[in-house]
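Undergrad: Following this message is one structure expressed as structure tokens.
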Amino acid sequence: MPERTLSLPGSTDRFVLTDRPATTLTDRYRPLPDGMALSHAAVVRAYQVLTGDVVVAYFTDGPGVRYAEHVPEAFTAHPRPFGTCPAQCEECENVHTCGASAERYVCLDGADDRDDCVIVYRDTPVAIIPATSAALLPPLDSAPLLPDLFNLDDGKFGPYEALPVSRAWSPWSTISVTRATAEQIAIDLPRSRAGRHLTCRWLHEFLLISSDPRLRAEPGRPGQLIEPDADGRYLIGGLWPWEEWSPPTCPDCSTDTEQIDVEGEKVWRCTAPDCDRRTYGTGDPYDDQDLPSYTEADADGTTIVYHGTGEIDVETTAELASQEGAHEDGQDADGDDGLTCPNGNQPPECTAIDPCEACAQDEDEEAAMIEASMGLHRGTLD
């Protein structure tokens, strides 16, 4: 869908609705159901959102041209006055702590077993698919759910995709994964700090996770035997704490990072415009010293050499610059074709047996200087 510019009654701002972003590790956006398109969308104030409207985006700050900020997962609105949360969710508690009131805020959707309340300023511009249109389109729950992501050892192992968990989930609970993900966990777990006392073994379609016999609370207990459920998924966990995965932040400026591939390795790069920091994202800065170095050319075409962390390798850059300078002056031995003499002549004008006149004179002068330095005079012997 090309960009659409929408207007809002009573506002001179222009609201630009763009395509819904593709889902990546760092950008988690659940797609809309097939048949539900942003061409159906309109812009209203938050307090004008009605039950059954599908909320798809908010917008950047104004005034002027304001671009869509898509919600990670579109949801059907069930507006209610702020402060009436039956679940006392974390979002409500946080906003209450800031002294919020129902005169300034509105709840677009109440908390459930998965998500907290959705609370925004009453006048916030919201992109919606009106309930009258949404009722004629495929339901939101017909779109595939985005998996939740989990890891071990501060992101050193993972992330592992799992079915979404409830708000009541705890790190010691299980997660539901596919066979392929279960196999990767079985490889990583014994190597991790979290599972260093565990072993994993496959018995046909069953996964046996055992602890060190010396550390078992019940001597002789064989361990945890996990079998696939009716959908072929494995419920894994309970013997170590899972960590909910999120993109690592920059070790220098704490800005979010984005994933890049460097020589086949997973590396994270700071997204701040004035920061070049790269990291493995393990939480241990010493690990980043092993990042592969790289080179880039600046606006003048000069080659800059960087350490893997993004810091300029001053010594190597300077050495490279001196080599490039010698090459530009025609004095770089690596760039010499082996045929041109120091005076710019090539065979047959100048050879080792029959040098050109300029080279012959140079040789005579060099010989005279050597003889003088040794106290010799041509044609005489002391």
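The values are calculated or read from the model by the stated rules, or taken from the named source; none is laboratory data. The structure presented is a predicted model; accordingly, all values stated were derived computationally and were not measured. Here the Cβ positions follow ideal geometry from the backbone for every residue, glycine too, while neighbour counts run over all protein chains shown. Heavy atoms of the whole protein, side chains included, go into the accessibility calculation; ligands, DNA and RNA do not. Shrake-Rupley method; radii C 1.70, N 1.55, O 1.52, S 1.80 Å.
Undergrad: Return the residues of the stretch 90-132 that are buried (at least 18 other Cβ atoms within 10 Å of the Cβ) and modelled with pLDDT under 75; say none if nothing qualifies.
TA: V95
Undergrad: Related question: When you look at T84, is it open to solvent by less than 80 Å² (accessible area, probe 1.4 Å), over 18 Å from T124 (Cβ atoms), touching a Pro at 6+ places or on another chain (Cβ under 6 Å) and not acidic (D, E), yes or no?
TA: In short, no.
Undergrad: In the list L145, L140, which residue meets the criterion of being under 26 Å from P33 (Cα atoms) and open to solvent by 70 Å² or more (accessible area, probe 1.4 Å)?
TA: The conditions single out L145.
Undergrad: Checking E69 against (1) surrounded by 15 or more Cβ atoms within 10 Å (Cβ to Cβ); (2) at pLDDT 80 or above; (3) closer than 26 Å to L149 by Cα; (4) not aromatic (F, W, Y), which test does it fail?
TA: (1)
Undergrad: Now a separate question. Here are some conditions: (1) part of a helix (DSSP H, G or I); (2) in contact (Cβ under 8 Å) with a residue 40 or more places away in the chain. D188 meets all but one. Which one does it not meet?
TA: (2)
Undergrad: Follow-up question, since we're still on this one. Just for the stretch 226-243: of the residues that are of a type in the set (D, E) and part of a loop (DSSP other than H, G, I, E, B), which one is surrounded by the fewest Cβ atoms within 10 Å (Cβ to Cβ)?
TA: Filtering the stretch 226-243 for residues that are of a type in the set (D, E) and part of a loop (DSSP other than H, G, I, E, B), the one surrounded by the fewest Cβ atoms within 10 Å (Cβ to Cβ) comes out as D231.
Undergrad: For the stretch 286-313, how many residues are in a loop (DSSP other than H, G, I, E, B) and out of contact with any Pro (no Cβ under 8 Å at 6 or more places or on another chain)?
TA: Residues that pass the stated criteria total 13.
Undergrad: Now for a different question. Pick out the one residue from R45, R4, R14, R30 that is touching a strand residue (DSSP E or B) at 6+ places or on another chain (Cβ under 9 Å), among the charged types (D, E, K, R), closer than 30 Å to L149 by Cα and surrounded by 13 or more Cβ atoms within 10 Å (Cβ to Cβ).
TA: R30
Undergrad: Further question on the same structure: Sort through T174, T124, T132 and tell me the only one that's under 14 Å from G237 (Cα atoms), out of contact with any Lys or Arg (no Cβ under 6 Å at 6 or more places or on another chain) and not hydrophobic (A, V, I, L, M, F, W, C).
TA: T174
Undergrad: Take the stretch 48-65 and flag every residue that is open to solvent by 70 Å² or more (accessible area, probe 1.4 Å) and in contact with a strand residue (DSSP E or B) (Cβ under 7 Å, 6 or more places away or on another chain).
TA: Answer for the stretch 48-65, where residues must be open to solvent by 70 Å² or more (accessible area, probe 1.4 Å) and in contact with a strand residue (DSSP E or B) (Cβ under 7 Å, 6 or more places away or on another chain): just V65.
Undergrad: Another question about this same structure. Evaluate the stretch 251-261: report whether one residue or more is over 21 Å from T295 (Cα atoms), open to solvent by 70 Å² or more (accessible area, probe 1.4 Å) and among the polar types (S, T, N, Q).
TA: Checked against the condition, which is being over 21 Å from T295 (Cα atoms), open to solvent by 70 Å² or more (accessible area, probe 1.4 Å) and among the polar types (S, T, N, Q), the stretch 251-261 yields at least one hit.
Undergrad: Criterion first (over 30 Å from P159 (Cα atoms) and either open to solvent by 60 Å² or more (accessible area, probe 1.4 Å) or modelled with pLDDT under 85 (or both)) does E311 satisfy it?
TA: No; evaluated as a whole, the condition is false for this residue.
Undergrad: Would you pick out the residues in the stretch 127-180 that are charged (D, E, K, R) and either assigned to a strand (DSSP E or B) or over 26 Å from the mean Cα position of the chain (by Cα) (or both)?
TA: D141, D148, E161
Undergrad: What are the pairs with Cβ atoms under 6 angstrom where one residue, in the stretch 56-84, is farther than 20 Å from M36 by Cβ and free of Cβ contacts under 8 Å to residues at least 12 places away in the same chain and the other, located anywhere, is outside any loop (DSSP other than H, G, I, E, B) and not hydroxyl-bearing (S, T, Y)? Sequence gap at least six, or different chains.
TA: From residues that are farther than 20 Å from M36 by Cβ and free of Cβ contacts under 8 Å to residues at least 12 places away in the same chain, the pairs are T60/R66.
Undergrad: Could you please find all residues in the stretch 187-201 being open to solvent by 70 Å² or more (accessible area, probe 1.4 Å) and not β-branched (V, I, T)?
TA: Selection gives R191, R193, R196, H197, R201.
Undergrad: Just the residues that are modelled with pLDDT of 85 or more, surrounded by fewer than 19 Cβ atoms within 10 Å (Cβ to Cβ) and not in a loop (DSSP other than H, G, I, E, B), please, taken from the stretch 268-285.
TA: Answer for the stretch 268-285, where residues must be modelled with pLDDT of 85 or more, surrounded by fewer than 19 Cβ atoms within 10 Å (Cβ to Cβ) and not in a loop (DSSP other than H, G, I, E, B): just R269.
Undergrad: Moving on to the next point. Checking the conditions here, which among A77, A135 is of a type in the set (G, A, S) and open to solvent by 40 Å² or more (accessible area, probe 1.4 Å)?
TA: A135
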